[in-house]
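These notes are about the structure you will find just below.
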Amino acid sequence: MKINLIMKTFFVETWGCQMNQHDTELIEGQLRQHGLAPAQEANQADLVVLNTCSVRDKPVQKIISRIGALAKSNPSTIIGVCGCVAEQEAGALLDRSRTVGFVIGPGQTARIRDAVQAVSQGERPVFTGFDAEAEYNYHTIFRKSTTRGMVTVIEGCNEFCTFCIVPYTRGREVSRPVEHVLTEVRALAAEGVKEVELLGQTINAYRCPETGADLAVLLEKVALIEGLLRIRFITSHPRHFNQPLIDVLAHHPNIFRYLHLPIQSGSNSMLTKMHRKYTREEYLDLVNRIRAAAPEINLSTDIIVGFPGETDDDFEQTMDILETVRFGQVFAFGFSPRPKTPAARYTPIIDNEIISERLQRLFALTSRISRELNETLVGSTVQVLIDGVSRLNDDHWQGRGEDNRVANFPKLGREEIGDVVSVEIGRAGPHSLVGEIVGGATRLPVVE
Ligand code: SAM
Ligand code: SF4
């Protein structure tokens, strides 16, 4: 079948982190401005964009098989590969299928219209690499949510943890000027968005290129913008979490009572091999200082299990730190060797069976702790921002409390998405709370 070079409709599939979800908003906005219309499903679209993640090998394999499946089921459809796999594999992706029309790395997302134009003229462009002067135009972002808006404050990462591919696929750190971020956030507040999520792979390494201001300064300015109910920021690196940032968090109740603070391992020898540049003692001291300043903060973390050389004792130290800190949520992954990274060559490699056993023990522990923490909320009333309809029951809403905990509760019919409701918690599981609305909904005014 002939490939259709004139694209009128598109569909985007997204893998990976919040940065990728936000890049999808940028991709979608540009395609709409270029005159393409969104299709309901991939098999109805002239162009399918795969916005990919390469942080572990499994998602990369899924994307490679997705290209094969799409090329087989929709042989006339153009596939565009964006995101970290595009940066990693570059031109080699064109050999996967003749229907792959373009490849665009995360540093070149703003060029998707050029790519579509080139494809319609019979070319197969590959745009990778990073350009510090790249234009950032938030007017091209298509935001799906009317309650929550994501805003990039820093791109890339300079940390070079020995296991991680991100500095290679997303390039070096580039911070946006404070005033640019504030202009975008004010525009969102004026549109009625109640929750803003500031994004960066290492967000607290932020430095304003014009004034040198750090994240504490930026966050405080954002917190003072009228009309914003909640401000999140993700992801914080423990070594950049300074005292001014803790103080800002403590003094501004509209900054989310939730922090994602990846520790990766509880063993100092693993942390050194990972090049994380903090010790377990320094991490624990940081947690103590955060909790002393804001005791209600809900903490979550990332753990890598089976990093090369991880002994039983190293793993027990990770279990121990999980017992000590008691995180509300833990994202744990088996180590996956990544191209170009030093740890891909480290030995001894840990057996997959041992990794699975350790992960199972870890999940049993973290799910018990999350349940216990959630159970302490039974009987209390939580302020929940309604995000949408519950995935399990059309008659229920789903939303998040001020500490990011998910709550499900029956609709009463008077409230709508974007309202804040008081929910009395009746039951708790490891992943969510269940309750009922008490009192009325608060519809927050839009600030002009
Ligand atoms: N910037 C964040 C930080 O400082 O931790 C993390 C970003 S990374 C995209 C998300 C998580 O993926 C990491 O925290 C780590 O736990 C996990 N990860 C990264 N590389 C990995 C690898 N090679 N194998 C397994 N998990 C990995
Ligand atoms: Fe990867 Fe480390 Fe950078 Fe996080 S801080 S993105 S884990 S290199």
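The values are calculated or read from the model by the stated rules, or taken from the named source; none is laboratory data. All values reported here derive from a predicted model rather than from experimental measurement. Virtual Cβ from ideal backbone geometry, glycine too; neighbours counted across all protein chains shown. Please note that ligands, DNA and RNA were not included when accessible areas were found on the heavy atoms of the full protein model with its side chains. Shrake-Rupley method; radii C 1.70, N 1.55, O 1.52, S 1.80 Å.
Which of the residues that make up the stretch 281-323 are touching a residue at least 40 places away in the same chain (Cβ under 8 Å), out of contact with any Pro (no Cβ under 7 Å at 6 or more places or on another chain) and aliphatic (A, V, I, L, M)?
Within the stretch 281-323, L284, I290, A293, A294, I297, L299, I303, I304, V305, M319, I321, L322 meet the criteria.
Report yes if E220 is surrounded by fewer than 20 Cβ atoms within 10 Å (Cβ to Cβ) and not hydroxyl-bearing (S, T, Y), otherwise no.
yes
I'd like the residue in the stretch 146-177 that is free of Cβ contacts under 8 Å to residues at least 40 places away in the same chain and in a loop (DSSP other than H, G, I, E, B) and, out of all such residues, is nearest to ligand 2 (Cβ to nearest atom).
E173
Is there a residue in the stretch 15-34 that is among the aliphatic types (A, V, I, L, M), outside any loop (DSSP other than H, G, I, E, B) and within 15 Å of ligand 1 (Cβ to nearest atom)?
yes
Say whether the condition of being buried (at least 21 other Cβ atoms within 10 Å of the Cβ), closer than 30 Å to I231 by Cα and out of contact with any Lys or Arg (no Cβ under 9 Å at 6 or more places or on another chain) is met by at least one residue in the stretch 116-128.
Within the stretch 116-128 (the criterion being buried (at least 21 other Cβ atoms within 10 Å of the Cβ), closer than 30 Å to I231 by Cα and out of contact with any Lys or Arg (no Cβ under 9 Å at 6 or more places or on another chain)), the answer is no, since none of the residues qualifies.
Going by the structure shown, is G192 modelled with pLDDT under 95, at positive phi and more than 16 Å from ligand 2 (Cβ to nearest atom)?
Judged against the criteria, G192 is a match.
Are there any pairs, at least 6 apart or on different chains, whose C-beta atoms fall under 6 Å, with the first in the stretch 324-339 and within 13 Å of ligand 2 (Cβ to nearest atom) and the second among the charged types (D, E, K, R), and if so, which?
If the second residue must be among the charged types (D, E, K, R), the pairs left are F331/D302; S336/R56; S336/D57.
Please pick out the residue among T99, T162 that is touching a His at 6+ places or on another chain (Cβ under 6 Å), open to solvent by less than 30 Å² (accessible area, probe 1.4 Å) and farther than 17 Å from N20 by Cβ.
T162 is the lone residue from the list that is touching a His at 6+ places or on another chain (Cβ under 6 Å), open to solvent by less than 30 Å² (accessible area, probe 1.4 Å) and farther than 17 Å from N20 by Cβ.
Among the numbered criteria (1) exposed (fewer than 15 other Cβ atoms within 10 Å of the Cβ); (2) away from ligand 2 (no atom under 16 Å from the Cβ); (3) in contact (Cβ under 8 Å) with a residue 40 or more places away in the chain; (4) of a type outside the set (A, V, I, L, M), which single criterion is violated by R391?
(3)
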